[in-house]
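Accompanying notes for the structure given below.
The values are calculated or read from the model by the stated rules, or taken from the named source; none is laboratory data. Just so you know, these numbers come straight off a predicted model, no measurement behind them. A quick note on method: Cβ atoms are made from the backbone with ideal geometry, for glycine too, and the neighbour counts reach across all protein chains shown.
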Amino acid sequence: MNFGDQCFIVTDQRGFASVLQCIANFDHQNKILTSTVVTSIDWNDECVCAEVMGQGRMCGDYGIVTFSIGVLQNWIASNKFNGSLSTEKMKAITNSKMGLYLKIFIKFQIRNDDVFWDTSASYTYATNTERGYYPVLQPIGASLPGSPPIVLMTLTGDEAKRISDLGSNGKDKVREEVVDVLRKWYNIQDERLLTITNDDIEYYDWNTDEFFLGMFSNNPTTLTINDKRNLAMPEGRLYFSGEANNIEHGGTIHGAYCSGMDAATKILTAKGMYNEASNSLPKCSTSSGCSQESSKKQNCPPSGTTPPTVPSSAKGWYVSTFTLASILLAVLLVCGA
């Protein structure tokens, strides 16, 4: 993660799920519906309503949409917004783009003493490769007690889409390519070091997941600052948040969090319910992001972080390894209540 002037590797053994669990740890957990699919949204000057698969119609005074750019674009194409989005909003969504990115975890059937990559480096970059084609290797297993040798390799852009398009046959191609790449990188003669099965390869295809349709927002050169502002612009009582709406921290969990906090704060303010003194969640600002002081009030243990040790001589393309999450932070009250 990068938040401020430094980059960090998160080593918290609880995983990123602990962020959501901490934020959702309040008195109204029974009001959070999981495993529910919203099929359409409509709104007017009095309320926002959503059609929920298998549960009918749900309405509230306000609503917050936390969909990814990919899902927003799909919804526009499928006419699932039963209301008129402004020209500015439509243009901002259309001009945006989702990043295609595969984080590929590979387990090797060798002893830790037999690893052939540099375990003292956080990253190994390749500069003699096509853009997006396995440009970086990151040792993972060394930081996990008792773990077998594991590395993380990446595919981005068109290369990620190429594997995504293969569907269930993707692992076969990944295994073939990874073995070939590592053989050339390290001039490996003993093929036993490169024994990998499909069961040793794990990656998640965010590109084909209907609830994401990409991994995170990736700003094209045609996207303007005004477009970014318009992404977060409310449409009447319908508000929008998510990592793509955060100008400074797009593509990050904290960007999604801060965007959600901003939208929820505006709604509570409009309802006359916002009280900063009683808000125990970490605050966000454009200069410092989430305040550590206020996060202590929530009794959330700080995540373990380790600064990466990237050699100053390393050359290549920088590849972010962020995970996309949009966090819904809103209190929806039934119309007329």
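Right, Ile110: assigned by TED's automatic domain parsing to the domain that holds Ser164, touching a residue at least 12 places away in the same chain (Cβ under 8 Å) and surrounded by 20 or more Cβ atoms within 10 Å (Cβ to Cβ) or not? It is false that Ile110 is assigned by TED's automatic domain parsing to the domain that holds Ser164, touching a residue at least 12 places away in the same chain (Cβ under 8 Å) and surrounded by 20 or more Cβ atoms within 10 Å (Cβ to Cβ).
If the condition is being charged (D, E, K, R) and touching a residue at least 60 places away in the same chain (Cβ under 8 Å), then segment 178-197 contributes only Arg192.
Once segment 198-228 is narrowed to residues that are without any contact (Cβ under 8 Å) to a residue 40 or more places away in the chain and among the β-branched types (Val, Ile, Thr), the residue that is surrounded by the fewest Cβ atoms within 10 Å (Cβ to Cβ) is Thr221. Only one entry of Glu177, Glu248 meets the criterion of being closer than 24 Å to Thr66 by Cα and out of contact with any Cys (no Cβ under 8 Å at 6 or more places or on another chain), and that entry is Glu248.
Quick check: anything in segment 170-180 among the basic types (Lys, Arg), modelled with pLDDT of 90 or more, under 30 Å from Ala256 (Cβ atoms) and assigned to a loop (DSSP other than H, G, I, E, B)? Give the steps one after another, and end with the answer.
Let us first name the residues in segment 170-180 that are among the basic types (Lys, Arg), namely 171, 173, 175.
From the residues that got through so far, the ones that are modelled with pLDDT of 90 or more too are 171, 173, 175.
Now restrict to residues that are under 30 Å from Ala256 (Cβ atoms): 171.
Adding the requirement that they be assigned to a loop (DSSP other than H, G, I, E, B) leaves none.
Among the residues of segment 170-180, not one is among the basic types (Lys, Arg), modelled with pLDDT of 90 or more, under 30 Å from Ala256 (Cβ atoms) and assigned to a loop (DSSP other than H, G, I, E, B), which makes the answer no.
All conditions in (1) closer than 26 Å to Glu159 by Cβ; (2) modelled with pLDDT of 95 or more hold for Phe108, with the sole exception of (2). Of the residues making up segment 239-280, just one is charged (D, E, K, R), in a loop (DSSP other than H, G, I, E, B) and closer than 16 Å to Ser217 by Cβ, namely Glu248.
Residues in segment 142-151 include none that are under 22 Å from the mean Cα position of the chain (by Cα) and closer than 16 Å to Gly99 by Cβ.
Can you name the number of the only condition in (1) surrounded by 13 or more Cβ atoms within 10 Å (Cβ to Cβ); (2) within 25 Å of the chain's Cα centre (by Cα); (3) not aliphatic (A, V, I, L, M) that Arg183 fails? Of (1) surrounded by 13 or more Cβ atoms within 10 Å (Cβ to Cβ); (2) within 25 Å of the chain's Cα centre (by Cα); (3) not aliphatic (A, V, I, L, M), only one is false for Arg183: (2).
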